[in-house]
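Notes to accompany the following structure.
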Amino acid sequence: MVNTPPVESLTPQPVMQPHSEPVGADAPVVHPVKAEVRNLSFYYGSFKAVKNVSLPFYEKAVTALIGPSGCGKTTLLRCFNRMHDLYPGNRYEGEIVLYPSRINIVGPAASPIEMRMRVSMVFQKPNPFPKSIFENVAYGLRLRGVGGRSELEARVEQALRGAALWEEVKDRLRDGAYGLSGGQQQRLCIARALAVEPEIVLFDEPTSALDPIATGKIEELIDDLRQRVTILIVTHNMQQASRVSDYTAFMYLGEMIEYDRTAKIFTNPSKSLTEQYISGRFG
Amino acid sequence: MPDATTTTPAPLVPHVRRLSGLMLRERVVEGLLLLAAVFSIFITSGIVFILVNESRPFFRTVNPIEFLTGGEWTPQFADPKFGILPLVAGTLSTTLVALLVAMPVGTIIAIWLSEFAPAKVREVVKPLLELLAAVPTVVYGFFAITLVSPVMQQVYAWVISFFPSLKENYPELPLFNVLSAGIVMGLMIVPYVCSLSEDAMRAVPMILREGSFGMGANRTTTALRVVFPAAFSGVAAAYTLAISRAVGETMIVAIAAGNQPTLTANPLQPAQTITAFIVQASMGDLPHDDIGYQSIFAAGLTLFVMTLGFNLLGAALRRRYRQAY
Amino acid sequence: MRPIDHTIRRGQLQDLIFRVLGVSLLLLCLGTLGVLIFNLAHDGLSRLDLKFFSSFASRHADEAGIKAAWVGTALIMLVTALTAIPLGLAAGIYLEEYARKNWFTGLIEINIANLAGVPSIIYGLMALGLLVYKLNFGRSILSGGVTLAFLILPIVIVATREALRSIPQSMREAAYALGATRWQVIRHHLLPYSAGGISTGVIIALGRAIGETAPLITIGALTYIAFLPPAPFSMMDSGHRAGAFSWLMTDFTVLPIQMFNWVSMPGEDFQANAAAAGLVLMLATLGINAVAIGVRYRMRRRIKW
């Protein structure tokens, strides 16, 4: 990584604030809603990991899910692309309505495969396939039946540019993905997620395995992506939430404690539990 | 981002019909894979069914109690006797000799590999040692009668010169004997003992060793007093695997143990194992409805039950050691 | 000298003794393997020429060869591989990637673990009763190949499962998250990534099958055969044209049985033949194992998660 700017230069971008009014559960929606979680509960067997959560996710905005370990934030995130369906004994209750098609993501009528095709995910640790850089990005496209050489190449390039990786890898697209650094691998995974033009991209603590410089690049990238796609990000790091997100939901023991504009949550939370967590008194 | 589009492009989701086609293929593939997995149960059922079914006519002629307690096995006589005990004795005595070789040798090599040898040496030595288990058993049989047994005869002659009293009863070691066959079989099962026990010992957490070294113990004490006991159920599983291999081993004993079903535990004598009898009987062309044909299934059933017992014991031990840490 | 020095000395001596003991037992085992190979070579090398490979068995030791035996071994291995590999792979994939934990899959697992410990001769008895008589395959190459396939099936299944299990779960999740179906995850990712491990296991299993003697004797493989199975569509002595699979239904012998036959014959000449056949068998076994070790080594260097 040669052109890495020093961390200090990564001043947070001015947070996009589409609403003049604070957004609460009952507030009138001004900006288009991309997805709406309604009374969602989730069970691992008999353990209820998400308890009756409701909140909106706005289109082309970044919503952060924060909270202490085990609060259910990752569990909630993984409901959006039905990852829980991969393991036995898991159960959803309630709805996640995806707009504009108004399909219930966790409903019995929705196919998990289709939901995963519409909602991409970036994982905690970079997990590129042991294939070439090109094939990593092209894989999702191939699954969707994109076959033409030139179309694949154009889309792969677009995705790699979108993930700010193109300049670094354009001369070695055929090389193995494991030759990249950790931060580059994670951006490759972001490119892989972007290539399929998802409606939502889920980030599950995308920088927890990276060093501060690589983290800075990823945060910068998320900041760019908000113009194109709806983003949900789970993070442990409250500074990260305050830097990259427009909205923040604070979860605790499976419940949604508070949801508001990020600026509001971090300056003037309305619940004392939120305030205690933000100020580092537990977590 | 120069080429970032401002409008969301249409999502690249395949047509619903293509998705449902995919799902149908999923079902078909899963069904086929399940069929293959279930097939293994058919093999076991086939084994049990054939062994029981084909030995049923045998047990109509021969009383099962006599079969299990009889001390004479003379299927080729005009008045054949079918008492399995001589074959069981042959099987157990060859197994015992093999274990007396393989258990100490395998265990000591395993401890050395796990606790003393550098990683690089272990990487090279383990596959080499496993070659011992890959040698075709018929080759081992040849080795036993052309080299090991003649050498053992010399050794026996030398040993016996110190014990004149033995000389009267057993003047010399016959070429075909339990001892030589068992020793060679022991060599064959060394890797079975060694590989599994070494895995078990290396699975012992490092902190246990550090605890011992921290008190000033040397490597040998740590290996024998800490690591070996901690890994013992795994080692015991290796031993049961070795027993079941030895009990079921066929060609070495068919070639080198002498094929004489005598009820004796003396390893200096020839003997016949259950497996060797089955081979001997199969070499002649057996008519389907002959008592000889039926007897190999009765013998096989006995062998199957014996090994099944050892296998279940081994599986139980392995399960226990998996849960240990 | 302080007492503690004495204790330390004794400990060091003990370690030294154990090291010497371990190394010498190891060298004893490996040395015996060397002696075994040398013994075969010493007795059999002089018999090993082209004529040995191109002659059928004979009553005259110096004219006898292993033509029918090596062709039989090769064909049996072909049938075994074509049966055991698809079955074992499929069963391994099912148990590792599809099976939910319940009594039924538990039963299958215990069953496979037990099958792995069943003596090979028992498979022979089962095949004699089931394949030869009940299914009427006869004492054919088909019967022999399928018998050995049953025998090595547990090894192939276990190798497949272990190779699949060593792939991190994050690979599966990455593919699923892009919308892959279970079978697509397996075919596009898991099978390619585990190919090295699976092939190592398969090769070792075939190496075990090639030396198997007892189950084939039990199903009635012959020891004296002076003809080869008909090549597909070739003209047979009877004047008929052979079918594509006629060879499957012919009688056969294999190398280890040929060797066993010679071992049981009196006379040094036949012992030399046995040694020569054993040498061929050993070379095949060692070659197969060398390939397996090579594959494993290359695989380890290639993929690091």
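The values are calculated or read from the model by the stated rules, or taken from the named source; none is laboratory data. What you see is a predicted model, and the numbers here were worked out from it, not measured in a lab. All Cβ positions, glycine included, derive from the backbone under ideal geometry; neighbour counts span all protein chains shown. Accessible surface is based on the protein model in full, side chains and every heavy atom, while ligands, DNA and RNA are left aside. Shrake-Rupley method; radii C 1.70, N 1.55, O 1.52, S 1.80 Å.
Total residues in the range B:164-192 satisfying the condition of being surrounded by 16 or more Cβ atoms within 10 Å (Cβ to Cβ) and assigned to a helix (DSSP H, G or I): the figure is 15. When the residues of the range B:73-96 are filtered to those that are at pLDDT 90 or above and assigned to a loop (DSSP other than H, G, I, E, B), which remaining residue is nearest to B:G258 (Cα to Cα)? It comes out as B:I84. With respect to the conditions (1) without any contact (Cβ under 8 Å) to a residue 60 or more places away in the chain; (2) assigned to a helix (DSSP H, G or I), C:I76 lacks only one, and its number is (1). Residues that are part of a helix (DSSP H, G or I), surrounded by fewer than 23 Cβ atoms within 10 Å (Cβ to Cβ) and not hydrophobic (A, V, I, L, M, F, W, C) within the range B:193-222 comprise B:S195, B:D199, B:R202, B:R209, B:E210, B:G211, B:S212, B:G214, B:R219, B:T220, B:T221, B:T222, listed in sequence order. The residues of the range B:12-27 that are open to solvent by 30 Å² or more (accessible area, probe 1.4 Å), part of a helix (DSSP H, G or I) and at the interface with chain C (Cβ under 9 Å from one of its Cβ atoms), listed by number, are B:M23, B:R25. For the range A:119-145, a residue qualifies if it is at the interface with chain C (Cβ under 8 Å from one of its Cβ atoms) and of a type in the set (D, E, K, R), and the qualifying residues are A:K125, A:R144. In the set (1) more than 8 Å from chain B (Cβ to nearest Cβ); (2) open to solvent by less than 10 Å² (accessible area, probe 1.4 Å); (3) of a type in the set (F, W, Y), the condition left unmet by C:Y123 is number (1).
Kindly establish whether A:P56 is away from chain C (no Cβ under 14 Å), assigned to a strand (DSSP E or B), under 19 Å from the mean Cα position of the chain (by Cα) and not polar (S, T, N, Q). Against the criterion (away from chain C (no Cβ under 14 Å), assigned to a strand (DSSP E or B), under 19 Å from the mean Cα position of the chain (by Cα) and not polar (S, T, N, Q)), A:P56 qualifies.
Each row is one residue, and each column tells you yes or no for (1) surrounded by fewer than 18 Cβ atoms within 10 Å (Cβ to Cβ); (2) away from chain B (no Cβ under 14 Å); (3) of a type outside the set (V, I, T); (4) in contact with a strand residue (DSSP E or B) (Cβ under 9 Å, 6 or more places away or on another chain).
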site	(1), (2), (3), (4)
C:G22	no, no, yes, no
C:L30	yes, no, yes, no
C:V35	yes, no, no, no
C:N39	no, no, yes, no
C:G44	no, no, yes, no
C:R47	no, no, yes, no
C:F52	no, yes, yes, no
C:S55	yes, yes, yes, no
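Only residues that are surrounded by 24 or more Cβ atoms within 10 Å (Cβ to Cβ) and touching a residue at least 12 places away in the same chain (Cβ under 8 Å) were counted in the range C:256-294, giving 13. Just to be sure, is C:G243 surrounded by fewer than 24 Cβ atoms within 10 Å (Cβ to Cβ), over 18 Å from the mean Cα position of the chain (by Cα), facing another protein chain (nearest Cβ under 8 Å) and in a loop (DSSP other than H, G, I, E, B)? When the stated conditions are applied, C:G243 does not pass them. Of C:A84, C:A74, all but one fail to be more than 7 Å from every other protein chain (Cβ to nearest Cβ), open to solvent by 20 Å² or more (accessible area, probe 1.4 Å) and closer than 30 Å to C:A57 by Cβ; the exception is C:A74.
From the list A:L221, A:L232, which one is surrounded by 19 or more Cβ atoms within 10 Å (Cβ to Cβ) and either without any contact (Cβ under 8 Å) to a residue 40 or more places away in the chain or away from chain B (no Cβ under 14 Å) (or both)?
On the way: A:L221 fails: either without any contact (Cβ under 8 Å) to a residue 40 or more places away in the chain or away from chain B (no Cβ under 14 Å) (or both).
Among A:L221, A:L232, only A:L232 is surrounded by 19 or more Cβ atoms within 10 Å (Cβ to Cβ) and either without any contact (Cβ under 8 Å) to a residue 40 or more places away in the chain or away from chain B (no Cβ under 14 Å) (or both).
Of all residues in the range C:198-212, those that are within 11 Å of another protein chain (Cβ to nearest Cβ) have Cβ atoms under 8 Å from Cβ atoms of residues that are among the charged types (D, E, K, R), 6 or more apart or on another chain, in C:T200/C:R296. Here the range A:91-118 is the region considered, the condition is being away from every other protein chain (no Cβ under 12 Å) and in contact with a helix residue (DSSP H, G or I) (Cβ under 7 Å, 6 or more places away or on another chain), and the residue that is nearest to A:K51 (Cα to Cα) is A:Y92. Per this entry, A:L202 is counted among residues that are within 14 Å of chain C (Cβ to nearest Cβ) and either of a type outside the set (S, T, N, Q) or free of Cβ contacts under 8 Å to residues at least 12 places away in the same chain (or both). In the range C:116-206, counting only helices (runs of 4 or more DSSP H) that sit wholly within it, the ones holding 2 or more residues that are in contact with a Lys or Arg (Cβ under 8 Å, 6 or more places away or on another chain) span C:141-165, C:169-177, C:182-185.
Inside the range C:59-71, can you point out the residues that are in contact (Cβ under 8 Å) with a residue 40 or more places away in the chain and surrounded by fewer than 17 Cβ atoms within 10 Å (Cβ to Cβ)?
Our first condition is that a residue be in contact (Cβ under 8 Å) with a residue 40 or more places away in the chain; within the range C:59-71, this holds for C:61-62, C:64, C:66-71.
C:D62 - this is the single residue of the range C:59-71 that is in contact (Cβ under 8 Å) with a residue 40 or more places away in the chain and surrounded by fewer than 17 Cβ atoms within 10 Å (Cβ to Cβ).
Could you tell me whether any residue of the range C:142-151 is within 13 Å of chain A (Cβ to nearest Cβ) and touching a residue at least 24 places away in the same chain (Cβ under 8 Å)? Before you say what the answer is, go through the steps one by one.
Looking only at the range C:142-151, we keep the residues that are within 13 Å of chain A (Cβ to nearest Cβ), and these are none.
Within the range C:142-151, none of the residues are within 13 Å of chain A (Cβ to nearest Cβ) and touching a residue at least 24 places away in the same chain (Cβ under 8 Å).
Here C:D237 clears all of (1) acidic (D, E); (2) closer than 30 Å to C:G65 by Cβ; (3) within 14 Å of chain B (Cβ to nearest Cβ) except the condition numbered (3). For C:A226, the stated conditions hold: it is in contact (Cβ under 8 Å) with a residue 40 or more places away in the chain and surrounded by fewer than 23 Cβ atoms within 10 Å (Cβ to Cβ).
If you check A:I222, A:I233 for being at pLDDT below 95, closer than 25 Å to A:F129 by Cβ and touching a Phe, Trp or Tyr at 6+ places or on another chain (Cβ under 9 Å), only one passes: A:I222.
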